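In what follows, a structure is listed as structure tokens, so that the remarks can point back to it.
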Amino acid sequence: MSAATITSATPPAAPVRTAPPPARAVRWALTRVEGRRLLRHPIFLLGMALSAVTLALLTGRLPSGALDYSATPSMLAGDCFVMLGGALWTFLAAFLAVTRDRRDDAQDFYLAQPTTARLRTEAALLSLAWAGMAGAVLIARVRLFWRDRRSPARNDPAGVV
Amino acid sequence: MSRTIEMSELRKRYGAHDVVGGVRLDISEGVTGLLGPNGAGKTTLMRMLATVLAPTGGHLRILGRDLDDAEQRTEVRRQLGYMPQEPGFHRHFTVFEFVDYVAILKEMTDTRARHREVRRVLERVDLGDVAGRRIRKLSGGMRKRVAMAQALLGDPRLLVLDEPASALDPEQRMRFRELISELGDGRIVLVSTHQTDDVAALCQRVIVLRVGHAAFDGTPAQLSALACDRVWIADTRDDRAQLSWRTAEGRHRHVGDPPLGARLVSPTIEDGYLLLAGPAAIGEELAA
């Protein structure tokens, strides 16, 4: 902090009122905030961690090989299993986000605002797309990690060209 | 555009009990205080004015808009700042996050302008230094200021403040009074309180609610004047007084019809209020 502090008795100017924005702009702004909160939610993070561990264990049991088409159904089944588990945790976190006004007894704050409960719910549902992207990135990262670890070029010096 | 609140026969009923029973009032710009004992219907009335609670009967127009119509109700909400009496917060939010979230609900979608506005209102309630602190770590007085900050977002034309100064220390109360007094210029500010000294310091107009009805509507000076020649000091308690209490000096202050020869003193707004609210002010009405 600088030593010289400028103080003023005049309060800062209030914003100029403009026409209300379209509902989609409010929905998008809420979706971004809810999406960020969802990605930081402890339950979501726990679900992601469990999914990552499960995926790593499943992937570790598959036969080695850069491209093993016989293993593809097993891989897809494993991914589906992991994604289902991740989705359950994600929906739990989203449910907690949607109901937090009631749990925290903050409904009066919300009811007096021009934004409706329906718009807030839509934004909360749309924020799940963030979680979907995070899940896809997680699966891709785990897959790449295991492929690199078990590729013949890495494990077998004879495989090096 | 109309700059008033118009209530006619406004009513709120829970079961067989009228909590607000036929209130007729017009409220215009400036700071208006709402006084009344517990259970008088202050918070119910404030919640109806904040569009949170629908009336059971009567008519309510705010800023020229009819609250029965959903679109007009939304228009009112765009120009409303509401501070609930006991606000529930998302305790894991930081102060900035919470006010920012409410700002989005107030349809502020431009991130940069919104953050600037959030910082502005936090500065106005002296919370700029704790913007990054989680709400669960704040004191009760600080939480009150967070609630005030969100009410100030967007410079609303109508402010409904339900007991804004409770839980504040004397210095913060003084600052709040100054802030609310400033806000009264060009806006409708409705303040519900138990503190008669807040009303005396802040309000151009005071309304006393009693059992769901407006028992008094006038200036703070007129409320004090109700107790003119009806307040006296004596060494002992006088049973003929409507109300009496022991002062810090060990004497007794009485409100009611004075006995002959009593030493009359100048009334305060509190004396006028106690005389008006009478037994309800000390809870007898509820017992009856």
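Values quoted throughout were computed directly from the atomic coordinates according to the rules given, and no laboratory measurement underlies them. In this text the structure is predicted, and so the values were computed from the model without any measurement. Positions of Cβ are backbone-derived with ideal geometry, glycine not excepted, and every protein chain shown enters the neighbour counts.
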Could I have the simple spin-label model distance between residue B:221 and residue B:185, label points 7 Å from Cα toward Cβ, reported in nm to one decimal? 2.2
Farthest towards the positive end of the dipole of the protein assembly as shown, among A:133, A:91, B:180 and with Cβ unit charges of +1 on Lys and Arg and -1 on Asp and Glu, lies the Cα of A:133
HN-Hα J couplings of segment A:21-26 from phi, Karplus 6.51/-1.76/1.60, θ = phi - 60°, integer Hz, Gly and Pro as x? x, x, 4, 5, 5, 5
Calculate log10 I(q)/I(0) of segment B:47-206 for q = 0.11, 0.16, 0.18, 0.20 Å⁻¹, where I(q) comes from the Debye formula with a single equal point scatterer on each Cα and nothing for solvent. -0.44, -0.94, -1.17, -1.38
If you line up the Cα atoms of segment B:232-276 on their principal axes, what length do they span on each, largest first, in Å? 24, 24, 18
So how compact is segment B:182-238: Cα radius of gyration and Dmax in angstrom? 14.4, 49
Using only DSSP helix segments of four residues or longer, with each worth -39500 (n - 2.57), what per-residue ellipticity at 222 nm results for chain B after dividing by its residue count and rounding to 500? -9500 deg cm²/dmol
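Rounded to the nearest 0.05, what FRET efficiency is calculated for residue B:240 and residue A:137 with R0 set to 56 Å and r the Cβ-Cβ distance?
On the way: r = 81 Å, r/R0 = 1.45.
Rounded to the nearest 0.05, the efficiency is 0.10.
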Which of B:51, B:208, B:146, positive extreme of dipole for chain B (C-beta unit charges): B:146
Between residue B:17 and residue B:115, take the C-beta separation as r, use R0 = 30 Å, and let me know the FRET efficiency to the nearest 0.05. 0.05
Dipole magnitude of the protein assembly as shown about its Cα centre, charges +1 at Lys/Arg Cβ and -1 at Asp/Glu Cβ only, in debye to the nearest 20? 1920
Taking only Cα atoms of the protein assembly as shown, the Rg to Rh ratio with Kirkwood Rh works out at 1.15
Would you mind working out the magnitude of the charge dipole of segment B:203-250 relative to its Cα centre, with +1 at each Lys and Arg C-beta and -1 at each Asp and Glu C-beta, to the nearest 20 Debye? 180
For segment B:33-48, in residue order, the Karplus 3J(HN,Hα) values (coefficients 6.51, -1.76, 1.60; θ = phi - 60°; whole Hz; Gly and Pro = x) are x, 10, 10, x, x, 4, x, 6, x, 4, 5, 4, 5, 4, 5, 5
Return, ordered by residue number, the residues of segment B:90-113 whose backbone nitrogen is under 17 Å from a label point located 7 Å along Cα→Cβ of residue B:137. B:90-99
When only alpha-carbon atoms count, how far does segment B:34-114 stretch along each of its three principal axes, as whole angstroms with the largest first? 42, 31, 18
Modelled label-to-label distance, residue A:32 and residue B:86, 7 Å Cα→beta-carbon offset: nm? 3.7
Show me, for segment B:25-32, the HN-Hα J-couplings you get by feeding each phi into the Karplus relation (A = 6.51, B = -1.76, C = 1.60, θ = phi - 60°), rounded to Hz, glycine and proline as x. 8, 10, 10, 10, 4, x, 9, 10
Hydrodynamic radius of segment B:78-124 per Kirkwood, over alpha carbon pairs, in Å: 11.5
Between residue B:70 and residue B:228, how many nm apart are label points set 7 Å from Cα along the C-beta direction? 5.3
Please list, in chain and number order, the residues 5+ apart from residue B:30 or on another chain whose amide H is under 5 Å from its amide H, with Hs placed from the backbone. B:186, B:187, B:188, B:189
Would you compute, for the Cα atoms of segment B:141-288, the largest minus smallest coordinate along each principal axis and list the three values in descending order, in whole Å? 57, 32, 31
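Across peptide A:29-42, how many C-beta atoms of other chains are within 10 Å of each residue C-beta, on average?
So the per-residue partner count for this stretch is 2.
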Excluding residues fewer than 8 places away in the same chain, name every one of the lysines whose C-alpha is closer than 26 Å to that of residue B:144. B:42, B:106
To the nearest 0.05, what FRET efficiency results for residue A:24 and residue A:80 with a Förster distance of 22 Å applied to their C-beta separation? 0.10
